[in-house]
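Just below is one structure, and these are the notes that go with it.
The values are calculated or read from the model by the stated rules, or taken from the named source; none is laboratory data. Given the structure is predicted, the values throughout are model-derived calculations rather than measurements. Ideal geometry is used to build each Cβ from the backbone, glycine not excepted, and the neighbour counts take in all protein chains shown.
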């Protein structure tokens, strides 16, 4: 019965999360409305425009929720849905239904221009998305390729989501409370429809004139008003030097749209006024559910908007297979006595080796469909070494080692010359107790790290402590054609290379953040080139065996 209840719970979560999603011939995505968006790509199609479209589409959903009041309300309800279960499914589904059109119109239009320069052929198989694209495009009667049209659609979507909907949340957040009962003209889809009825070309021309007056002395602004340059300033190509001028335009345009809504009985908060309620939203959620503690994190007032935007990339989970791979749990005694340790041996291009990971136990239970999970459930969340191999029938076998001497026993049982590769999660590597216990046994083993902590937080920590950092970017695949973008980091002089496995778009965003925000971070291709064989070997195992990769595996909802 417990397993059936877990499956039903998972189906409910999936039904809710799939209400806001992207889809293309190269993959699918979903956003769970509060802390994670997933990308599932077709085999061998990692870097295509269609695959990138899915990634950016989901990011746009997250960005719109993160930056608006109605988005905060949805995130609060989704957090309680995660913590308390089915009771919150009805209010969450209702809230998502009240903002779905504006969400999809914004995400579809913006992502198509960011990735594919508005090429509608990518939506041919998905007529609903063509409709959502048109819903956004028709709101602003300008050529689609004008950069200022993108800004106008962005502020219209933001203003539609910036209704004063958070006041009632502090009074109570149970499934039946008034917090989730939103008046008609505070519902985003109703407000977006109202804008369709109110705005025309003359309105947008007047709004743009406000920008021209404010930026008349800015030499860069001419590029935003000239049609030829407007083509050059598509979101996918415009130069970062325009960012300040664009920020001014965005706020001025927003002020015009919000004033129009206010004048028609649709009250609208200031551009980022929702931030003032962020701490109160978190308090209300945690008061309603102790289990929700730590799931919803308010924005950090010390971080810039650019840093907060980058934080969104930490939320992506790259799914490499639909369900966890089935695995047989093999004790060390069974592996050595019954299989004579051959079960530990793997072959990569004729190179015999042993591969293992260091992860907390709960991550193993997420990543694999283990036949006897109760055998390791008692280990809690302490990091363990798990050796991965195939038995004589080709079944994936996992052998969990929780004592350092066991690793020495395995090495003694192997033929001479066999190398052992361990991929250690950065969270485990930061566990001082585990590291002190195991460090002597790791000296003759080839180590790599896996970045599975919030990238923005980790990068900033290294930057503040003055750590020298170098990085390189590439694309690798396993023997079955499963691909991933790979960012390789090296911190300090002696640490192991740290792998970041993600989609191409997220990999580009991470490397660009390092270039822009980490003085001294050095791009160094040799990080990959000098250890290509080892990195290919490790990445092939990870892609072949694990189910998903994300950059916040130990952040939100960590059982510890």
- Task: Take region 350-385 and flag every residue that is assigned to a loop (DSSP other than H, G, I, E, B) and either out of contact with any helix residue (DSSP H, G or I) (no Cβ under 8 Å at 6 or more places or on another chain) or crowded, with 19+ Cβ neighbours inside 10 Å (or both).
- Result: 350, 371, 372, 378
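Please state which one of 509, 484 is within 18 Å of the chain's Cα centre (by Cα) and under 22 Å from residue 353 (Cβ atoms). Spell out how you get there, then give the answer.
Values: 509 fails: under 22 Å from residue 353 (Cβ atoms).
The conditions single out 484.
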- Does region 180-189 include one or more residues that are in a helix (DSSP H, G or I), surrounded by fewer than 17 Cβ atoms within 10 Å (Cβ to Cβ) and modelled with pLDDT under 95? no
- Query: What number of residues within region 281-300 satisfy the criterion of being buried (at least 16 other Cβ atoms within 10 Å of the Cβ) and not in a loop (DSSP other than H, G, I, E, B)?
  - Reply: 7
- Query: Which fully enclosed strands (runs of 3 or more DSSP E) of region 398-513 have 1 or more residues being assigned by TED's automatic domain parsing to the domain that holds residue 360, out of contact with any strand residue (DSSP E or B) (no Cβ under 7 Å at 6 or more places or on another chain) and modelled with pLDDT under 90?
  - Reply: none
